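Take a look at the structure set out below.
The values are calculated or read from the model by the stated rules, or taken from the named source; none is laboratory data. Treat the numbers as computed from the prediction; the structure is a model and nothing was measured. All Cβ positions, even for glycine, are placed from backbone atoms using ideal geometry, and neighbour counts span all protein chains on display. Side chains are part of the model used for accessible areas, which takes the heavy atoms of the whole protein and leaves out ligands, DNA and RNA. Shrake-Rupley method; radii C 1.70, N 1.55, O 1.52, S 1.80 Å.
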Amino acid sequence: MHQLTPYVPGEQPKISNLIKLNTNENPFGPSPKVLNAIEIETGNSLRLYSDPTSERLVKSIARYYQLKPQQIFVGNGSDEVLAHTFQALFQHGKPLLFPDITYSFYPVYCKLYGIEAETIPLNENFEIDVNHYNRPNGGIIFPNPNAPTGHGLELDAIEALLKNNPDSVVVIDEAYIDFGGTSAVVLIEHYPNLLVIQTLSKSRSLAGLRVGFAMGNAELIKGLTRVKDSFNSYPLDTIAISGACAAIEDKTHFEYTRKQIITSREQLAAQLKALGFNIIPSQANFLFITHPQHDAAGLAGHLRVRNIIVRYFNKPRIDQYLRITIGTADECKALVTALQDIVNE
Ligand SMILES: *Cc1c(COP(=O)(O)O)cnc(C)c1O
């Protein structure tokens with residue numbers, strides 16, 4: 001156990017009046033229908049175990065994406081779904097490929113499950129080049145859009161990757177897909193080696209409910225279910241199942257809030273550009289930015305003094321960047337005002 005290097009989540013400080021732009025939470029809150037569904041469950045059925053197959057939720061997701069229930073796997077947050085994916089689908093003796101700059105839980109799961117990893121550098125524009133993945137591998141994984149860059153890949157690039165790696169499981173982690181990317185779900189029927197993972201934490205504003213899911217060929221789903229049933233029979237509680245169904249079914253709230261975030265993102269990007277920041281074009285609910293004259297760690301420190309927290313990664317290639325979550329209009333305004341002061345000081 002001493003060899004494990006745990007994932008370090010963004011902070012959740014207990015400070016009031018904090019402008020919290022560090023962990024890509026959604027500022028809008030979930031659909032009111034979710035809260036209603038949860039309230040009904042608290043009066044009803046907590047005495048009983050939850051449905052071990054989460055059938056209602058599986059069916060709800062299947063309907064939403066026009067897939068079969070056998071093509072859906074649900075878990076306690078997509079982090080848990082990812083963990084089962086690493087254990088069930090990536091144990092091969094050949095390295096798992098993922099970008100050098102990406103979701104930092106991937107190397108953690110590799111260590112936990114003893115999976116060899118090989119990182120593939122993003123190109124000089126911080127983009128994934130799928131041609132760099134044509135090499136022997138025991139699987140491929142990356143987020144689309146990538147994190148923490150926000151850069152999205154077109155569907156034809158993902159299709160080329162699937163064609164070039166027919167014997168590998170290719171996992172596309174779509175945690176941020178609803179903020180402007182194109183989902184690879186439509187490729188599932190043609191590529192049995194594709195697994196798409198999504199979460200309700202970001203675009204459905206339910207990070208605290210802990211619901212994630214995977215979609216793919218029924219054989220891949222069976223593999224995940226085998227691991228899940230050897231680990232925890234009831235990963236989703238009754239409240240999570242009910243709330244998640246209501247979230248998936250309320251398309252109006254979903255469309256309204258995600259469009260708001262996309263609009264705010266483009267406004268914020270323009271304002272930060274005017275302050276001299278360079279910004280990676282983002283299809284996510286965050287911006288990845290750098291300033292040619294101001295040290296990123298220094299900027300994060302100055303923002304913190306003003307009660308604004310953003311994410312800073314002290315890692316090679318990105319140690320001059322900040323990842324900033326798109327907040328409410330007021331939060332974005334406060335951020336711009338603060339950065340204006342700091343940059344002009
Ligand atoms: C947020 C995030 C997750 C984890 O989501 P949960 O469902 O909250 O566990 C997974 N992958 C990426 C790339 C993320 O940014």
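I'd like the residue in the stretch 6-22 that is within 20 Å of residue 77 (Cα to Cα) and modelled with pLDDT under 95 and, out of all such residues, is least open to solvent (accessible area, probe 1.4 Å). Result: 10. Considering (1) within 16 Å of the ligand (Cβ to nearest atom); (2) farther than 18 Å from residue 212 by Cβ, the lone condition that residue 84 does not fulfil carries the number (2). Tell me yes or no: at least one residue of the stretch 106-122 is within 16 Å of the ligand (Cβ to nearest atom), assigned by TED's automatic domain parsing to the domain that holds residue 196 and polar (S, T, N, Q). Looking through the stretch 106-122, at least one residue is within 16 Å of the ligand (Cβ to nearest atom), assigned by TED's automatic domain parsing to the domain that holds residue 196 and polar (S, T, N, Q). The residue that is nearest to the ligand (Cβ to nearest atom), among those in the stretch 148-191 that are in contact with a Ser or Thr (Cβ under 7 Å, 6 or more places away or on another chain) and among the small types (Gly, Ala, Ser), is 175. Of the residues making up the stretch 121-170, just one is among the small types (Gly, Ala, Ser) and either open to solvent by 30 Å² or more (accessible area, probe 1.4 Å) or part of a strand (DSSP E or B) (or both), namely 160.
Report whether or not residue 219 is away from the ligand (no atom under 16 Å from the Cβ), free of Cβ contacts under 8 Å to residues at least 12 places away in the same chain and not aliphatic (A, V, I, L, M). If you could, list the steps in order and put the result at the bottom.
On the way: away from the ligand (no atom under 16 Å from the Cβ): yes; free of Cβ contacts under 8 Å to residues at least 12 places away in the same chain: no; not aliphatic (A, V, I, L, M): yes.
Answer is no for this residue.
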